[in-house]
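Scroll down for the structure; my scribbles are underneath it.
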Amino acid sequence: MRAVIVGAGQVGFHLAERLSQENQDVVLIEEDPERADYTGDHLDILTITGNGASLGILEKAGVRDADILMAVTSQDEVNLISCLAATRLGVPYTVARVSNPEYHGSGSVLSREEMGIDLMINPERESAREVYDLLQSSAATDVATFAQGRVQMVGVTVLEGAPVAGRTLADLDRERPNRRQVVVAIIRNGETIIPHGSSTIEAHDQVYILTPTADASSIPLLTGHEPLALRRVMIAGGSSEGLFLAQLLERVGVECTILDHDRRRCLELAEALPKSLVLHADATDLELLEMEGVGGIDGFVAATNHDEVNLLSSLLAKSTGAQKVISLIHRFEYLHLVPRVGLDAAVSPRMSTVNAILRYVRRGRVMTVATLKGIDAEAIEFRTGPRSAVVDKPIRSVGFPEGSVVGTIMRGNEIVVPRGDTEIEPEDEVIMFTLPDAIGEVERLFE
């Protein structure tokens, strides 16, 4: 596949890195010469300096021969024009990162349908949905959904004294023969382990578990966490993410309080959120947080546009006693700080954008893709075809590459926990967990 990416910011860089690791032909266009040089020095791709909305630059990038163009700069208008030009030049598929909600409405003259853009990604909406999912569990640090929401992958830290701590996966299988949770990865001291039956789960491990959504509520207790009943949530920051999250929470009857330092924005929020309490306040004011009862709330979400403010307000909320604290983090390099400083979880709008685009890029038999924070691995959901190399043979004899594992199989309404002698059938939905080096080979097996 030949892919042209417009914008070498963190989204564009991460996309280019992922695709180049899979030996795809990637061309990246970046207007800032310094950023373009940085990308060219760090990635094995062709980098072109220039404006991605320029026809001349697109021609120079060989866009007429591209299979897909992804415009992911921070400027909506540049992204829209790039996609519009690429479509006119014959690119089969175009993807635009667009934050302005006015461009998403079905009746807008600049909507996806009107402009002929195949996919528009709104980072703020994507991250708000991810925060909402994380708030449902006291333990989750990552959540991704598969099979139309019937299966979840949950990332969780194992606490001291947890029922699973010090046990091998084989031990857990013997004790719970009817279990439907599958541990697909263990992160220990920064190293990713694809586990086997003899692998031991230790306290302080970060484990990733595939589970039917209906059974996800049992994970906190197994990993040493107390269950969470979500009744009250405080949101620091009236950003687009904060607004979208509050709207989701209002729909399910969760009591919501929003703090923002901009009086005019508070008025806009109060009009848009009739069931929420909106306060004109500074989210880093400890005295105010205590006065508003942050220590007694079930969830605290820092959702300003500034990472430093989000981290500080989250630390204050956690130290005051908030049960589940989630911070919005825009810069990838800050994500590794979250577990170190004791916060429960972080959500990256840029990583959410990358996930949404990768789901689309992989097309074909690929149904869902989830890229995880702080780990070079992906969970990919495939639908098998009658000629796929994986069907009608035991999993142990398929020859899956090292660095990959079969997580869960969806067969109609049935959820199958895979064993070595399990056979994959045509039209099964198979969720694979795989490291980057193995992605290409796994995809070929499902063709």
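The values are calculated or read from the model by the stated rules, or taken from the named source; none is laboratory data. As the structure is a prediction and not an experimental result, all values here were calculated from the model. Virtual Cβ from ideal backbone geometry, glycine too; neighbours counted across all protein chains shown. Just the protein is used for accessible areas: all its heavy atoms, side chains included, with ligands, DNA and RNA removed. Shrake-Rupley method; radii C 1.70, N 1.55, O 1.52, S 1.80 Å.
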* In Å², nearest 10: area of Leu267 left accessible to a 1.4 Å probe -> 120
* **Length released on extending from Glu423 to Ser397, taking residue separation times 0.36 nm less the Cα-Cα span** => 8.4 nm
* To the nearest 0.05, what FRET efficiency results for Arg64 and Arg167 with a Förster distance of 60 Å applied to their C-beta separation? -> 0.60
* Binning every alpha carbon pair distance of the chain at 10 Å from zero, what are the percents per bin? -> 4, 20, 28, 27, 17, 4, 0
* Structure fact -> Rounded to whole angstrom, the alpha-carbon centroid of segment 420-440 lies from that of segment 330-371 at a distance of 21
* Carbon and sulfur together cover what percent of the accessible area of the chain at a 1.4 Å probe radius? -> 47
* Using a 10 angstrom cutoff on alpha carbons, build the Gaussian network for the chain and name the most mobile of Glu378, Glu429, Glu191. => Glu191
* Under 12 Å Cα-Cα from Lys318, which aspartates and glutamates qualify once same-chain neighbours fewer than 8 residues away are excluded? -> Glu290, Asp298, Asp344
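Translational D (Stokes-Einstein, µm²/s) of segment 37-82 at 10 °C and 1.306 mPa s when Rh comes from the Kirkwood sum over C-alpha pairs?
Values: Rh = 11.6 Å.
It diffuses with D of about 137 µm²/s by this estimate.
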* Structure fact -> Probe 1.4 Å, heavy atoms of protein chains only: per residue, the accessible area of segment 374-447 in Å² is 44
* Ordered by packing density, taken as the mean number of other Cβ atoms within 10 Å over each peptide's residues, highest first, how do 144-153, 435-444 rank? -> 144-153, 435-444
* Find the centroid of the Cα atoms in segment 242-280 and in segment 1-24, then give the distance between the two in whole Å. => 36
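Over segment 228-293, calculate the relative contact order: mean separation of alpha carbon pairs under 8 Å at least 6 apart, over the residue count, as a percent. Working shown, then result.
Working: 91 pairs, mean separation 19.9, N = 66.
Value for segment 228-293: 30 percent.
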* Structure fact -> Relative contact order as a percentage, segment 329-420, C-alpha pairs under 8 Å and 6+ apart, gives 15
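Under a 1.4 Å probe, what is the accessible area of segment 1-75 per residue, stated in Å²?
Working: 3240 Å² over 75 residues.
Counting only protein heavy atoms, the per-residue value for segment 1-75 is 43 Å².
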* To do: Mind pulling up the Rg/Rh value for segment 142-205? Radius of gyration and Kirkwood radius, both on Cα.
  => 0.97
* **Estimated 222 nm signal from helices in the chain, with DSSP H stretches of n ≥ 4 weighted -39500 (n - 2.57), rounded to 500** => -9000 deg cm²/dmol
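Rolling a 1.4 Å sphere over the protein heavy atoms, what is the accessible area per residue of segment 189-319, to the nearest Å²? Working shown, then result.
Details: 6270 Å² over 131 residues.
Here the per-residue accessible area is 48 Å².
Using packing as a proxy for protection, rank 70-82, 13-25, 413-425 so that the peptide with the highest average count of other Cβ atoms within 10 Å comes first. Walk me through the intermediate numbers first.
Numbers: 70-82: 23.2, 13-25: 19.1, 413-425: 14.2.
In descending order of packing, they fall as 70-82, 13-25, 413-425.
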